[in-house]
Amino acid sequence: MEDCIFCKIIKGEIPSKTVYEDEDCKAFCDVNPQAPVHVLVVPKKHVQSLAKAADDEKLLGKLMRTCALVAESLGLADGYRVVTNVGENGCQSVLHLHLHVLGGKKLSERMS
Ligand code: 5GP
Ligand code: ZN
């Protein structure tokens, strides 16, 4: 989709530090990390958010498994957190579905 930052990253039009890629998804480091490890896992298909993924159940499963594989490959054996923000109240700032993988330290017990 035009004017979507993550679609541009997927196409290589905006540089990113890629940690994993396959035919369905890409994982890259967040430009403004909120933990020692902060990776974004995104579908190559433009889907706005989890709320708009009614036709993409299989892809959602793949994205979740990719988070686990990326976490394993980055050495997060002691645990990590996977988050997806949805919409305005969820503070979603990029309207292309993405899962945050956060780890590398003991994370806050608070979720909100
Ligand atoms: P959201 O707030 O939508 O859940 O998360 C969007 C995330 O994308 C933020 O953590 C932000 O730092 C990250 N981000 C925004 N623009 C870019 C970019 O151009 N490159 C990378 N690697 N991350 C970005
Ligand atoms: Zn997009």
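The values are calculated or read from the model by the stated rules, or taken from the named source; none is laboratory data. Source: prediction; values computed, not measured. As a convention, Cβ positions derive from the backbone with ideal geometry for all residues, glycine included, and neighbour counts pool all protein chains shown. These area figures cover heavy atoms from the full protein model, side chains too; ligands, DNA and RNA do not enter into them. Shrake-Rupley method; radii C 1.70, N 1.55, O 1.52, S 1.80 Å.
See the values below:
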item: Residue in segment 70-92 that is open to solvent by less than 50 Å² (accessible area, probe 1.4 Å) and touching a Ser or Thr at 6+ places or on another chain (Cβ under 7 Å) present; result: yes
item: His100 crowded, with 16+ Cβ neighbours inside 10 Å and in a loop (DSSP other than H, G, I, E, B); result: no
item: Flag if Lys45 is more than 20 Å from Gly90 (Cα to Cα), surrounded by fewer than 17 Cβ atoms within 10 Å (Cβ to Cβ) and within 12 Å of ligand 2 (Cβ to nearest atom); result: yes
item: Members of segment 1-38 that are open to solvent by 80 Å² or more (accessible area, probe 1.4 Å), within 16 Å of ligand 2 (Cβ to nearest atom) and over 20 Å from Leu74 (Cβ atoms); result: Met1, Glu2, Asp3, Ile5, Lys11, Glu13
